[in-house]
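Down below is the structure, laid out as structure tokens.
The values are calculated or read from the model by the stated rules, or taken from the named source; none is laboratory data. As the structure is a computational prediction, the values presented were derived from the model and not from experiment. Ideal geometry is used to build each Cβ from the backbone, glycine not excepted, and the neighbour counts take in all protein chains shown. These area figures cover heavy atoms from the full protein model, side chains too; ligands, DNA and RNA do not enter into them. Shrake-Rupley method; radii C 1.70, N 1.55, O 1.52, S 1.80 Å.
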Amino acid sequence: MINTQWRTTVILLTFILVTAVTGLFTGNFNLSTAVGSEWIINNIRLARIVLAVLAGAALGLSGCLIQGVIRNPLAAPDLIGVSAGAGLAATAMLLLFPDLSLFWLMPMAIIGALVTLLLLLWLMRNHSLNPARLVLVGITLSIWLTAFTDWLLVSHPQQTNAALIWLTGSLWGRGWQQIWMLLTALLILVPVTLTLSLKLNLLALGDETAESLGSSVLQTRKISLFLAVTLAAVSVAVCGALSFVGLIAPHMARLLVGGNHRYLLPAAAMTGALLVLLADTTARTIAAPLELPAGVFTALIGAPYFLFLLTRYRGW
């Protein structure tokens with residue numbers, strides 16, 4: 001089994017490396033004839049590749065944590081309203097304060113996601129984060145927050161272009177400044193997330209069994225949800241809403257390495273990184289010089305895959 005997991009890790013890393021090299025040398029400009037090809041590689045293509053890997057890994061980990069907490073492989077950050085909360089806060093900043101630096105986009109998205117989590121926990125009080133209730137409240141919150149975002153877009157038609165590009169999920173215009181911010185956040189969040197693997201394994205056995213083995217179920221759920229929300233928010237703040245990555249990545253990782261979170265968490269991070277990297281590379285090359293948002297491709301792939309999962313899943 002361990003050999004299988006190591007083999008899966010090597011295969012995923014190889015796919016990421018091959019996709020990254022392919023993305024580095026393909027795009028709108030022919031590097032053999034373009035002026036400033038070195039600048040294009042270092043400041044545009046390499047930066048986007050690194051950013052796609054980091055953002056995808058964050059979304060994969062976030063989805064894996066949420067699925068571990070809810071014990072439902074169909075759960076995702078979108079399902080508990082996190083992406084909608086981050087999206088509303090960032091959209092409000094882009095439309096109501098257009099002169100503010102984009103530096104503030106990440107803090108605003110994180111604040112929006114955390115406020116959404118606090119609102120979710122307040123609505124869930126006295127219910128011990130029951131998985132089914134958590135999903136229902138999360139979906140309701142997501143619809144409610146999305147309605148506010150739509151209202152902002154309709155009421156500020158002059159500034160909607162930047163907000164719409166961001167909301168569809170795109171790495172266009174991002175660079176090393178966003179990478180350092182995202183990398184700093186992940187260097188703190190990822191090690192803490194990996195330490196939860198044993199507690200998530202116990203949680204998978206059921207609440208009563210986990211409690212009997214000395215694990216605090218409620219504390220594990222709260223810490224996991226906080227980490228999942230923050231991981232999703234820092235990714236959404238940089239790349240916008242990349243739909244379904246948080247759902248598909250952990251599900252595919254579970255098929256590859258099984259349900260042990262010691263191996264599942266790293267595999268979900270690598271699968272998320274590969275998905276976003278593939279989506280961004282395809283988005284900027286398939287119709288060059290026209291560049292499409294990467295979120296369009298994650299949605300095109302993710303929605304049918306989600307419907308396929310719904311036809312096979314009987315756990316609701």
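Summed over the range 251-303, the residues that are in contact with an Asp or Glu (Cβ under 7 Å, 6 or more places away or on another chain) and of a type outside the set (Lys, Arg) give a count of 2. Taken over the range 67-81, the criterion of being on the phi < 0 side of the Ramachandran plot and either assigned to a loop (DSSP other than H, G, I, E, B) or in contact with a Gly (Cβ under 8 Å, 6 or more places away or on another chain) (or both) is satisfied by ASN72, PRO73, LEU74, ALA75, ALA76, PRO77, ASP78, LEU79, ILE80.
When CYS239 is tested against (1) open to solvent by 10 Å² or more (accessible area, probe 1.4 Å); (2) touching a Lys or Arg at 6+ places or on another chain (Cβ under 9 Å), just one condition goes unmet, and that condition is (1).
Here LEU46 meets the list (1) modelled with pLDDT under 85; (2) open to solvent by 10 Å² or more (accessible area, probe 1.4 Å) almost entirely, failing just condition (1).
The single condition among (1) at pLDDT below 85; (2) open to solvent by 20 Å² or more (accessible area, probe 1.4 Å); (3) out of contact with any Gly (no Cβ under 9 Å at 6 or more places or on another chain) that PHE226 does not meet is (1). Exactly one residue among LEU198, LEU202 is modelled with pLDDT of 85 or more, touching a helix residue (DSSP H, G or I) at 6+ places or on another chain (Cβ under 8 Å) and open to solvent by 40 Å² or more (accessible area, probe 1.4 Å), and that residue is LEU198. With the structure loaded, tell me whether ALA20 is among the aliphatic types (A, V, I, L, M) and in contact with a Gly (Cβ under 7 Å, 6 or more places away or on another chain) or whether it fails that test. In short, no.
Specify which of the listed residues (SER142, SER170, SER215) is open to solvent by less than 50 Å² (accessible area, probe 1.4 Å), farther than 23 Å from VAL257 by Cα and free of Cβ contacts under 8 Å to residues at least 60 places away in the same chain.
Working: SER142 fails: free of Cβ contacts under 8 Å to residues at least 60 places away in the same chain; SER170 fails: free of Cβ contacts under 8 Å to residues at least 60 places away in the same chain.
On inspection, the qualifying residue turns out to be SER215.
Total residues in the range 1-23 satisfying the condition of being at pLDDT 90 or above and of a type outside the set (A, V, I, L, M, F, W, C): the figure is 2. So which residues in the range 61-108 are crowded, with 19+ Cβ neighbours inside 10 Å and among the charged types (D, E, K, R), if there are any at all? Across the range 61-108, the qualifying residue is only ASP78. One residue stands out among those in the range 297-316 that are at pLDDT 80 or above and β-branched (Val, Ile, Thr): the one that is nearest to the chain's Cα centre (by Cα), which is THR298.
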